[in-house]
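Visitor: Structure incoming, see below.
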Amino acid sequence: SLSKLQLKTGDLDPRLFSRLRHLQKLDLSDNLLDKFPNSFTLPDLRVLNCNNNKLEDVTALKQFPLLEELTYENNAYLTLNDDYKVMFLLQNLRLLNGKDITKLANHVRRVNSNKLTSKVTAHWKKFFSDQLPEKYTAEQVKSIRKKFLKSVQTNVVYGPSSLSEFTRWRVKMIAEEFLANSLGLELNSDTEPEEKTDEDEEESTESPREAAEEVAPVGDISSYISNVTVTPSKRKRNHSKSSPGNKRSKTQANTEEEAEEDVSAEPLHFLQCHSKGNSREDFKTQLWSCVFEPVIDSGARKDPIVSSSRTVATCGGESVCLIDCETGTVLKKYKVATEEFFSVAWTTLTMVLSDSRKKAHNILAAAGRRGIVKLIHVAADFCYGEIKAHKKPIATVCFSPTQETHLFTASYDKRIALWDIGIPDCDYNFKASQLLVLETASIPLRIALVPTCPEQYLLAGCEDGCFAWNIKLDKGQKSRPFEAIFQFPGEESLTTSHRVDGLAFLNDDVVVSKSSKPGCIYLWSWSKSFDAKGKGCQRTMSAVILAELEWSTTDMSYLTLSTCPAKEYVFCGDEKGSVWMYNLSTYTTGWGSPKGKRSERRISPTQILTWPELRVNGEQPPEILVNNVVADPAFTYLVVLTSVNITAIWKKF
């Protein structure tokens, strides 16, 4: 018994344990183990207790072939998929977490394996057998192997969706055996390894992993991505709509263009992972919101460049997905059959564990048509609670950057509510409370907290314009009208105001807002526009315009924009599947000066990423609208959400 000794993985010395050749029973419960060393040789071990640890992976247990009884309860990161893995790996296992699993284990080892083997073999014969020439080179072997392994893991589905991660794991194993045994397609030791996530990252994704359907005939996307580098050319600037005074000198133009021509991006993945009922024919589900997961313990709140990982949460239709942008793997998928999700947001909560230790965990809030906020503890694959926030749909949600439990929900009931979601205890009990209600004149579509005073002012883009509220909690008044409405050029009153369906801060002061007026994206100054000293509510204030961005002339609404403050970029998709990118680093210094003047001419996009020629069953997808486009803080990845259930992931080089 080595129970309750605060042991970590590094404390288990394989050299010591390898001498215990006849050890049959080992108790490692109530420790801090996150995994087993791979060379932890105990050839005669029969009973193992790992309860109350931090285990993230079970595959290392295969080194105990005679194991008959195994318990690993209260390891938050282990899921049903791990139960099935150990049933397959440990042929002698009879008891798992106190339950007799003999019949189920036999089914997993025989019936499940036979079914998957048949499916893998059929997949090869149908899509890949004719791609391998009679005489092939090592490079061709490597290429076909890589494509097949990716395709088969994506497309072979069997059993309930809650076991999709186990299925994917077994399919890969079976496919590799099939290639080696039946066809002799093994990679030589000097070839490059198959692309995959780092071991630690692979371990952390033990979760219900739904199949992400590739949007193309099997193998087409892999081939397209690996052989074609799409470096979108800059769009020619067209100043025909500008005023006569907009001409620049040749030197000025060249200098500015040289500074802008620094982005080369190519598409990595096209995913169809929000399909209703996992249907490959679903090109109607609209995708609405995405946000990158923050990195825990990275000083993220201070340094935006390290404030996110390569994992992004996306939502649309009945599901929320977590996607690894580099590999295109759908790490986790959460479904509510009667919901249509419109918005997701992350926060990091410091939770108290059962042994009174504290640990930071990322929590994802998701909301939509039902007016309910779902709270998901992502690492534990557990939706631990919900808040019935509104009686009408929730358009968008966001967390306070300074108060980790404060969540804003903006609803079609013409209210923006501030909630304290609380911190769940070790049994996931929590208490949510409503702190504030902001009354809006029309439906709020986008919300943003003012970076210099996020606990005092909130901006909202609504159906009838752009509004601001004082949200300071010490005012006592729980229900509040808006404090200011901002007037833009061409708007003389509330009756002539336009829908604001895009809103974000480029830096601490510059606001970017998009209205339903064709081709209209304004950049304006918060500090110069908002009169904090004025008294009274519902005052009209003129937005001090700094510049206007040239964008599509469409009058289509709800194609929202986003910003990458650390890189001073603005992104906005259009009605043709393109992404308009604006590098504004050459302008922001001038705007920030006391005498900063408005840019007289409309600023053209630095680049436009055009939607590549992508065929589904030999045909182009229907009309593609870009509903949202978001970059990670370091601007390494660009995630594009469309109206046709396709998530496109671009990577900047």
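The values are calculated or read from the model by the stated rules, or taken from the named source; none is laboratory data. What you are looking at is a predicted structure, and each value in this text was computed from that prediction instead of being measured. No Cβ is skipped: glycine too gets one built from the backbone with ideal geometry, and neighbour counts run over all protein chains shown. Calculation scope for accessible area: heavy atoms of the full protein, side chains included, ligands and nucleic acids excluded. Shrake-Rupley method; radii C 1.70, N 1.55, O 1.52, S 1.80 Å.
Visitor: Got a sec? What order do Asp509, Asp425, Asp130 fall in by accessible area at 1.4 Å, biggest, i.e. largest, first?
Guide: Largest to smallest exposure gives the sequence Asp130, Asp425, Asp509.
Visitor: In whole percent, what relative contact order does the range 9-183 give with Cα contacts below 8 Å and a gap of six or more residues?
Guide: Result for the range 9-183 is 15 percent.
Visitor: Which far-off residues, 5 or more places away or on another chain, put their amide H under 5 Å from the one on Arg446, with H placed in the peptide plane?
Guide: Answer set, sorted by chain and number: Gly461.
Visitor: Additional query: Tell me which residues come under 5 Å, amide H to amide H, from Asn470 once H is placed; ignore anything under 5 positions away on its chain.
Guide: Under 5 Å from the amide H of Asn470 lie the amide H atoms of Glu483, each far enough along the sequence or on another chain.
Visitor: What figure, in Å² to the nearest 10, do you get for the accessible area of Val330 with a 1.4 Å probe and non-protein molecules left out?
Guide: Roll a 1.4 Å probe over it and Val330 shows about 10 Å².
Visitor: Just by accessible area at a 1.4 angstrom probe, what is the order of Thr117, Thr9, Thr553 from largest to smallest?
Guide: Per-residue accessible area, sorted high to low, gives Thr553, Thr117, Thr9.
Visitor: Further question on the same structure: Might you tell me the accessible area per residue for the range 337-413, computed with a 1.4 Å probe and given in Å²?
Guide: Solvent-accessible surface per residue comes out at 37 Å².
Visitor: List the GluC sites (Glu not before Pro) in the range 517-609 that DSSP assigns to loop (not H, G, I, E or B) and whose Cβ has at most 14 other Cβ atoms within 10 Å. Which are they?
Guide: Here the GluC sites (Glu not before Pro) that fit, given the DSSP loop and packing criteria, are Glu600.
Visitor: In addition: Residue-wise, which Karplus ³J(HN,Hα) couplings in Hz belong to the range 526-533, taking 6.51 cos²θ - 1.76 cosθ + 1.60, θ = phi - 60°, and x for glycine or proline?
Guide: Each residue's phi maps through the Karplus curve to give 5, 5, 7, 9, 8, 9, 5, 7 Hz.
Visitor: Counting only residues 5 or more places away or on other chains, whose amide H sits under 5 Å from the amide H of Glu68 once H atoms are built in the peptide plane?
Guide: Distant-sequence amide H within range of Glu68: Val47.
Visitor: Counting only protein heavy atoms and a 1.4 Å probe, tell me what percentage of the range 331-436's accessible area is made up of carbon and sulfur.
Guide: The value for the range 331-436 is 49 percent carbon and sulfur by accessible area.
Visitor: With only alpha-carbon pairs counted, each pair once and no self-pairs, how large is the Kirkwood hydrodynamic radius of the range 9-183 in angstroms?
Guide: For the range 9-183, the Kirkwood estimate is 18.0 Å.
Visitor: Follow-up. Calculate the dipole size of the range 9-183 relative to its Cα centre from +1 charges on Lys and Arg beta carbons and -1 charges on Asp and Glu beta carbons; express the result in debye to the nearest 20.
Guide: 840
Visitor: Express in whole angstrom the spacing between the alpha-carbon centres of the range 9-80 and the range 119-153.
Guide: Result: 37 Å between the Cα centres.
Visitor: What does the accessible area of Lys35 come to, in Å² to the nearest 10, when a probe of 1.4 Å is used?
Guide: Result for Lys35: roughly 70 Å² accessible.
Visitor: Of Tyr558, Tyr582, which has the most accessible area with a 1.4 Å probe, and how do the rest follow in descending order?
Guide: I get Tyr558, Tyr582, largest accessible area first.
Visitor: Rounded if a/c is under 1.5, else prolate if a/b beats b/c, else oblate: with a ≥ b ≥ c from the C-alpha gyration tensor eigenvalues square-rooted, which is the range 532-608?
Guide: oblate
Visitor: Determine how large the accessible area of Cys383 is when every protein chain is in place; take a 1.4 Å probe and give Å² rounded to the nearest 10.
Guide: It works out to around 40 Å².
Visitor: Quick one: putting +1 on the C-beta of Lys and Arg, -1 on the C-beta of Asp and Glu, what dipole do you get for the range 437-522 around its Cα centre, in Debye to the nearest 20?
Guide: Once rounded to the nearest 20, the dipole reads 160 debye.
Visitor: Let me ask you something else. What is the distance in Å between the Cα centroid of the range 403-471 and that of the range 506-529?
Guide: 21
Visitor: While we're here: Tabulate in residue order the Karplus-calculated ³J(HN,Hα) for the range 546-553, using 6.51 cos²θ - 1.76 cosθ + 1.60 with θ = phi - 60°, rounded to whole Hz; enter x for Gly and Pro.
Guide: Those phi angles translate into 9, 6, 10, 9, 6, 9, 3, 8 Hz.
Visitor: Hey, another quick one. For the range 9-183, what does the accessible surface come to per residue with a 1.4 Å probe? Please give it in Å².
Guide: 49
Visitor: Of all the accessible heavy-atom surface of the range 1-100, with the other protein chains kept in place and a 1.4 Å probe, what percent is carbon and sulfur?
Guide: For the range 1-100, the apolar C and S fraction of the accessible surface comes to 47 percent.
Visitor: Quick one: grab the alpha carbon gyration tensor of the range 480-580, order the square roots of its eigenvalues as a ≥ b ≥ c, and give me rounded if a/c is under 1.5, else prolate or oblate depending on whether a/b is larger than b/c.
Guide: oblate
Visitor: Classify the range 1-103: rounded, prolate or oblate, from the alpha-carbon gyration tensor (a ≥ b ≥ c, eigenvalue square roots; a/c under 1.5 rounded; otherwise prolate if a/b is larger than b/c)?
Guide: Since a/c reaches 1.5 but b/c is at least a/b, the shape of the range 1-103 is classed as oblate.
Visitor: May I ask for log10 I(q)/I(0) of the range 44-123 at q = 0.20, 0.21, 0.25 Å⁻¹, from a Debye sum over the Cα atoms as equal point scatterers with solvent left out?
Guide: Values returned for q = 0.20, 0.21, 0.25 Å⁻¹ are -0.87, -0.94, -1.22.
Visitor: In addition: Once Lys and Arg get +1 and Asp and Glu get -1 on their Cβ, which of Cys572, Val639, Pro622 lies farthest toward the positive end of the dipole of the range 564-646?
Guide: So the residue we want is Cys572.
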